[in-house]
Each structure stands twice: as C-alpha cells, then as structure tokens.
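The values are calculated or read from the model by the stated rules, or taken from the named source; none is laboratory data. All values derive from a computational prediction rather than experimental measurement. Every residue, glycine as well, gets a Cβ built from its backbone with ideal geometry; the counts of neighbours run over all protein chains shown. Ligands, DNA and RNA are excluded from the accessible area calculation, which covers all protein heavy atoms including side chains. Shrake-Rupley method; radii C 1.70, N 1.55, O 1.52, S 1.80 Å.
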Amino acid sequence: GAGVSQSPSNKVTEKGKDVELRCDPISGHTALYWYRQSLGQGLEFLIYFQGNSAPDKSGLPSDRFSAERTGGSVSTLTIQRTQQEDSAVYLCASSFTSQGRDTIYFGEGSWLTVV
Amino acid sequence: AQRVTQPEKLLSVFKGAPVELKCNYSYSGSPELFWYVQYSRQRLQLLLRHISRESIKGFTADLNKGETSFHLKKPFAQEEDSAMYYCALRGLAGGTSYGKLTFGQGTILTVHP
C-alpha cells in the first residue's frame, strides 16, 4: 500500500474485553513502532520492533499490553481486560533507512473507546 | 532517560506574525531532534529534522546544545500553519536508545486571520 495501514480505525469495546489492533507497515520497512495518543498526554511510546532484534518493550504500561510482529511485517497490539483509561488513539509507524537517514511514517491510528 | 518538554499546550498568533514553538530536551548524549506536525484530520508527519538543517514551509529549527533546546520558528505565520506540533528526540544510530522516538506533549498552534 501507499502508507502505513491500521485497523480498525475505530473500536468501541466494553470494559474487561480484549482487543486487537492491527498494523500493516509500508512494504520493505524494517522498523515498526506503536504509540498511544491521549488527550493531554501527548504521544506515549509503547513498543519498537527492528528487524530480527528483540523488541524494545519499555513503554508498555502494564502486562495487559502485548505486541507481536509476524514475519517481520504485520504487527498486532493486544490489550487484555481493557480499562477505561486505555481509551486513546493507538498509532503505528514504520521506517526505512534512506541515505543513512531513518524516515518514520505514521498510520492514521486506531481510535479505541472503552465503555 | 530521555525527555522532551513543550511548555505551551496552546499558542495563538495572527496571520503574518512571527511564531516560535518551544521545545526543550533532556538526554545524556548526542540526540537527533525532530518536529512533527498533525493537521486536522490528517496523519502525523515529519516537518523537519535538525540534521538536515533545512527550512520546510518556512519553518526552521536550530539545535542549541547549550540550552538543550530545539525551538521551531517561522517569521510570518499563515492560517494553514494551524495544527498540532510535536517535538521529538531520538538517540543517534548505533546507540542503545536508537529507534525509540520520544515525543513532547504537543503544542496546538492557531493562526487567526
């Protein structure tokens, strides 16, 4: 595709349910990032995948959050037992290296509402 | 630890006026600094990076290591500049924190006609 694709674009779920958010990075991009954008909180780093290296999970807020990247391409962010404070826009981004510079491209985000 | 601070959540100026969006950072080492912009109903996109030393849409930003700042400036603001602006930091390639892009809380710029 032409850009980073995320699905669903909007998700309303009941408190306590599990949700999965999907990210299709730009073809050929080796790095993939997940961020959370909350009102008044800015952009919060969640997790970063780079090639076959172990992911940087230092931003995951709790053990209810997990992410995987299959085949070095598609990634799924899973939130178990959702809470109302999980409501936010979840942004995925991917990057490649061009002339030694790493350009990061963002998706449009998945808007999660926990009711 | 790396941290980015944008002290202004909201900034309003009139068209044609100069604008400066402030960004201060904390990082033990040599960082790479960026400004990202998100226009209404559009995805977040890169505006400029300090390494390129370029001017994009009339915006410039200079890295001041002494003051640990990377303020975004434009001499004459336009209505189409109204957007959310994020300052971001990343460690240089080869370092342990390379890849982890840390963002500030963002500044909403409104340019009035």
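Observations on the model:
- Across the range B:52-66, the qualifying residues are those that are open to solvent by 70 Å² or more (accessible area, probe 1.4 Å) and either touching an Asp or Glu at 6+ places or on another chain (Cβ under 6 Å) or closer than 23 Å to residue A:93 by Cβ (or both), and the one among them that is nearest to the other protein chains (Cβ to nearest Cβ) is B:54.
- Residues that are in a strand (DSSP E or B) and either open to solvent by 40 Å² or more (accessible area, probe 1.4 Å) or under 13 Å from residue A:73 (Cα atoms) (or both), drawn from the range A:32-47: A:32, A:33, A:44
- All positions within the range B:28-51 that are more than 8 Å from chain A (Cβ to nearest Cβ), modelled with pLDDT under 90 and not in a helix (DSSP H, G or I): B:28, B:29, B:30, B:31, B:32, B:41
- Matching entry among A:91, A:21, A:60 (being open to solvent by 30 Å² or more (accessible area, probe 1.4 Å) and over 24 Å from residue B:51 (Cα atoms)): A:60
- Residue A:54 surrounded by fewer than 18 Cβ atoms within 10 Å (Cβ to Cβ) and of a type in the set (A, V, I, L, M, F, W, C): yes
- Scanning the range B:1-16 for residues that are assigned to a strand (DSSP E or B), within 14 Å of chain A (Cβ to nearest Cβ) and surrounded by fewer than 20 Cβ atoms within 10 Å (Cβ to Cβ) returns B:3, B:5, B:10.
- Taken together, the residues in the range B:17-27 that are surrounded by 12 or more Cβ atoms within 10 Å (Cβ to Cβ) and not in a strand (DSSP E or B) amount to 4.
- Within the range A:42-56, not a single residue is at pLDDT 90 or above and away from chain B (no Cβ under 11 Å).
- From the options A:5, A:66, A:62, A:73, residue that is under 20 Å from residue A:104 (Cβ atoms) and free of Cβ contacts under 8 Å to residues at least 60 places away in the same chain: A:73
- Condition check for residue A:109: in contact with a Lys or Arg (Cβ under 8 Å, 6 or more places away or on another chain), on the phi > 0 side of the Ramachandran plot and buried (at least 19 other Cβ atoms within 10 Å of the Cβ): yes
- Test: residue in the range A:11-21 that is touching a helix residue (DSSP H, G or I) at 6+ places or on another chain (Cβ under 8 Å) and within 12 Å of chain B (Cβ to nearest Cβ): no
- Scanning the range A:61-81 turns up no residue that is closer than 20 Å to residue B:36 by Cβ and out of contact with any helix residue (DSSP H, G or I) (no Cβ under 6 Å at 6 or more places or on another chain).
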